[in-house]
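Beneath this line is the structure, given in structure tokens, with notes to follow.
The values are calculated or read from the model by the stated rules, or taken from the named source; none is laboratory data. Note that this is a predicted model, so its numbers are computed, not measured. Every residue, glycine as well, gets a Cβ built from its backbone with ideal geometry; the counts of neighbours run over all protein chains shown. When the accessible area is computed, the model is the full protein with side chains, heavy atoms only, and any ligands, DNA or RNA have been set aside. Shrake-Rupley method; radii C 1.70, N 1.55, O 1.52, S 1.80 Å.
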Amino acid sequence: MLQGTVSKLADALRDRYLIERELGRGGTATVYLARDLKHGRHVALKVLHPELAARLGPERFQREIETAARLQHPHILTVHDSGETAGQLWFTMPFVEGESLRDRLRREQQLPVDVALRIATDAARALQYAHEHGVIHRDIKPENLLLTKDGSTLVADFGIARALSGGDDRLTETGISVGTPAYMSPEQAAGDRTLDARTDVYAVGAVLYEMLAGEPPFTGPTAQAVIAKRFHTDPIPLRTVRPSVPAHVERAVTRALARITTDRFASTAELARALDEGTHARHEDTAASGLRRIAVLPFDNLGAPDNAYFADGIADEIRGKLATVAGLQVMARTSSAQYAHTAKPPGEIGRELGVDYLLTGTVRWDREGTQSRVRVSPELVQTASGATQWQQAFDAPLTDVFHVQSDVAERVARELGLALAAGQRRYLQERPTGNLAAYDLYLRGRYAWHQRTAAGLDEARRLLEQAIQLDPAFAPAHAALAEIYAVLPLWSDLPPDQTYPRAKAAALEALRLDSTLAAPFAVLGDVYAMYEWNWAEAERNFRQSLALDPNNANTHHWYQSDYLATVGRLDESVAEARRAHELDPLSVMLNATVGHALYRGGRVEEAETQLRGVLAVDSSFILANSTLGMVHLVQGRAGDALPLLERGIDPRVRYSLDVALLGYGYSKAERRREAEALREELLGRRSRGYVSPVSIALLAAGLGDTAEAFVWLGRGVEAHDPVLNYGFASQPLFEPLRRDPRGVEILRAMRLPETR
């Protein structure tokens with residue numbers, strides 16, 4: 001229901017507009033959805049906050065709104081109507097079916113490079129038109145950039161920003177903010193009244209930086225801190241935060257954010273041209289250097305339904321071969337897998353994944369007759385044009401399946417203009433095994449592993465062990481088995497001493513057979529960090545894995561979570577988490593992992609924003625719920641945390657740390673009985689399998705029994721409990737225990753670097 005003065009406004013406007021509901025509140029106005037009764041259309045009706053309206057006055061407000069209303073441009077949200085009614089200043093604009101850029105950034109944090117450039121270029125061209133008509137916006141920010149469903153960008157709120165900055169000293173004297181601190185130019189922040197187009201250039205640069213980096217160029221706990229930074233420090237270079245950003249774009253953003261106005265682009269048109277030229281130059285540069293971006297989508301199974309694993313495996317194997325080609329960035333499996341049987345056009349998929357090419361295909365495995373045959377029909381598609389660049393059918397006996405995979409990978413590389421050295425070609429043509437039955441078991445095992453369930457993991461382990469029995473020299477099978485044992489502590493009740501040593505043994509055997517495999521080095525990094533606490537070896541192996549396969553999202557994730565966050569390199573951990581998400585942009589897990597990294601780094605407000613974006617996409621996602629619950633516990637909001645922590649427990653596993661977190665939340669919400677019941681559950685489960693001692697320690701600490709907590713932490717050290725890494729060493733909830741002298745001794749027992 002509409003209340004107070006808004007109700008009076010609604011009554012006064014009843015012959016022109018029907019105010020239906022509130023859409024949101026901003027720093028200057030409250031927005032309502034209203035129906036224009038004369039024209040039969042929905043509009044956004046903005047009502048200025050009373051204190052601001054009183055300072056502006058109706059005459060000046062109307063004058064500035066009329067100036068803004070004369071701006072007619074495809075990328076400017078025009079003003080329909082305005083006035084003073086019932087003592088309030090208001091104006092209406094078209095109601096846009098879509099979302100603001102802020103909404104999208106909350107959901108995705110970072111945008112594909114091409115999407116970010118398109119949004120920035122649309123905004124720059126709209127601003128250039130306004131500048132040519134004597135209007136400077138002065139408040140460009142993600143909230144004022146609206147994204148329509150057809151992919152266009154609209155710049156909103158010209159009138160308000162101009163009215164606020166019209167040279168009225170009274171506004172500044174009363175403390176009304178003109179602009180938004182994260183996007184203000186230095187001269188605007190300093191109160192300069194002779195602003196020109198270059199202040200909007202700066203703001204567009206700041207917004208583009210945020211779209212690419214995941215956060216504005218300057219951040220801080222207060223508006224004053226944010227403003228102060230731009231006078232004394234430079235932003236972190238874009239390509240340091242996100243290496244895939246083209247050099248031309250980094251240079252354009254750096255120039256747009258120059259502190260001195262004369263060092264910036266003279267106009268937003270110049271900025272738009274620099275971004276366009278950078279895009280063209282990027283394609284020219286990549287053509288010369290061989291850099292290409294490609295996604296291998298799931299291949300359609302044209303055979304019997306129970307052959308789905310085979311078609312999936314063929315696509316995976318080709319993806320893996322392409323990932324080894326120098327100059328080719330291959331999108332991760334998780335994001336590509338979401339386009340199985342999709343009807344989306346190539347251009348839309350390309351924009352969503354940030355790739356230049358798609359490889360699609362079909363697979364038919366004919367087991368009839370005397371000889372089993374395989375027909376693979378790949379198609380290479382340009383995302384920009386939607387045109388097929390290459391298509392060919394490969395029909396061969398099953399015994400030649402490895403040759404078919406190599407031929408497809410080589411042909412794709414050739415079509416993309418990538419030269420293969422003799423050693424690279426030999427590598428692509430290598431047969432991982434000569435035993436087709438072992439290979440079939442391997443593909444079935446990988447297919448089960450990708451189901452990401454406890455049952456699937458157990459099935460995958462069984463199948464891979466059978467494959468190795470048939471061919472003990474099958475290196476990729478050993479590598480896959482090593483990965484499974486490395487993640488089993490999170491999916492089973494097996495103790496660490498029954499999982500990590502087996503993971504290490506399988507990884508070492510894989511490398512003995514084939515030292516060029518990247519995955520086993522990542523597993524070794526994980527084992528050295530999570531179980532052996534050999535930090536130097538952990539980092540060396542993670543780096544070796546990334547040197548062999550720099551675009552492996554899973555390795556970036558393990559490196560940040562298992563090593564960087566634990567040793568206290570928290571900013572690097574966040575950067576690695578974002579890099580993993582960039583390589584696998586549609587992975588809800590990696591999106592949530594960014595929030596978890598921010599939480600472990602103590603950046604709880606940023607973590608909350610990130611995690612709310614994840615939950616807007618998937619409200620049931622366990623990691624996002626549990627991590628946001630932890631964020632609220634750190635914020636002292638136990639009541640808000642409890643429903644999230646309840647949804648953060650997987651009923652199939654009831655992972656001990658998640659159960660302990662809920663118990664901790666109950667204790668902080670003064671629901672001791674429920675907390676005690678969960679402690680009894682964890683203690684009772686110890687007779688049936690491994691339960692993390694560190695999880696029990698957290699729950700004991702929540703119940704106020706610090707002495708018992710340290711008894712369980714000591715048992716965690718004896719068991720090399722992985723929750724020491726994930727929880728005790730790095731999570732804010734464990735901070736009181738870490739500060740205790742007994743906690744300091746536990747950190748020393750883990751041999752963590754003294755500088756952490």
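Of note:
- Scanning region 112-161 for residues that are open to solvent by 10 Å² or more (accessible area, probe 1.4 Å), more than 27 Å from Arg293 (Cα to Cα) and small (Gly, Ala, Ser) returns a single hit, Gly134.
- Residue among Leu23, Leu89 that is surrounded by fewer than 21 Cβ atoms within 10 Å (Cβ to Cβ), aliphatic (A, V, I, L, M) and in contact with a strand residue (DSSP E or B) (Cβ under 8 Å, 6 or more places away or on another chain): Leu23
- Contacts under 8 angstrom Cβ, first residue in region 463-474 being over 13 Å from Leu436 (Cα atoms) and without any contact (Cβ under 8 Å) to a residue 12 or more places away in the chain, partner surrounded by 16 or more Cβ atoms within 10 Å (Cβ to Cβ) and of a type outside the set (A, V, I, L, M), 6 or more apart: none
- Test: residue in region 598-613 that is more than 26 Å from Asp571 (Cα to Cα) and open to solvent by 30 Å² or more (accessible area, probe 1.4 Å): no
- Some residue of region 567-581 being in contact with a helix residue (DSSP H, G or I) (Cβ under 7 Å, 6 or more places away or on another chain), assigned to a helix (DSSP H, G or I), open to solvent by 10 Å² or more (accessible area, probe 1.4 Å) and more than 21 Å from Arg239 (Cα to Cα): no
- Only residues that are of a type in the set (Phe, Trp, Tyr) and without any contact (Cβ under 8 Å) to a residue 12 or more places away in the chain were counted across region 7-44, and they come to 0.
- Some residue of region 486-496 being at pLDDT below 95, assigned to a helix (DSSP H, G or I), surrounded by fewer than 24 Cβ atoms within 10 Å (Cβ to Cβ) and of a type in the set (Phe, Trp, Tyr): yes
- So Ile649, is it touching a Phe, Trp or Tyr at 6+ places or on another chain (Cβ under 9 Å), modelled with pLDDT under 95 and either surrounded by fewer than 21 Cβ atoms within 10 Å (Cβ to Cβ) or closer than 30 Å to Gly456 by Cα (or both): yes
- Only helices (runs of 4 or more DSSP H) whose full extent lies in region 16-130 are considered here, and the ones with at least 1 residues that are within 30 Å of Ile349 (Cβ to Cβ) are 101-108.
- Among the residues making up region 192-223, a single one is more than 22 Å from Val594 (Cβ to Cβ), touching a residue at least 12 places away in the same chain (Cβ under 8 Å) and of a type in the set (S, T, N, Q): Thr199.
- The conditions of being touching a His at 6+ places or on another chain (Cβ under 9 Å) and either open to solvent by 30 Å² or more (accessible area, probe 1.4 Å) or farther than 19 Å from Ser336 by Cβ (or both) are not met by Ala384.
- Counted residues, region 323-356 - those being on the phi < 0 side of the Ramachandran plot and in a loop (DSSP other than H, G, I, E, B): 14
- When every residue of region 349-363 is checked against the conditions, at least one turns out to be more than 31 Å from the chain's Cα centre (by Cα) and surrounded by 17 or more Cβ atoms within 10 Å (Cβ to Cβ).
- Spans of helices (runs of 4 or more DSSP H) in region 649-756 with at least 1 residues within 30 Å of Ser619 (Cα to Cα): 656-668, 672-685, 693-702, 735-739
- The set of residues in region 357-396 that are closer than 30 Å to Arg118 by Cα and part of a loop (DSSP other than H, G, I, E, B) comprises Thr383, Ala384, Ser385, Gly386, Ala387.
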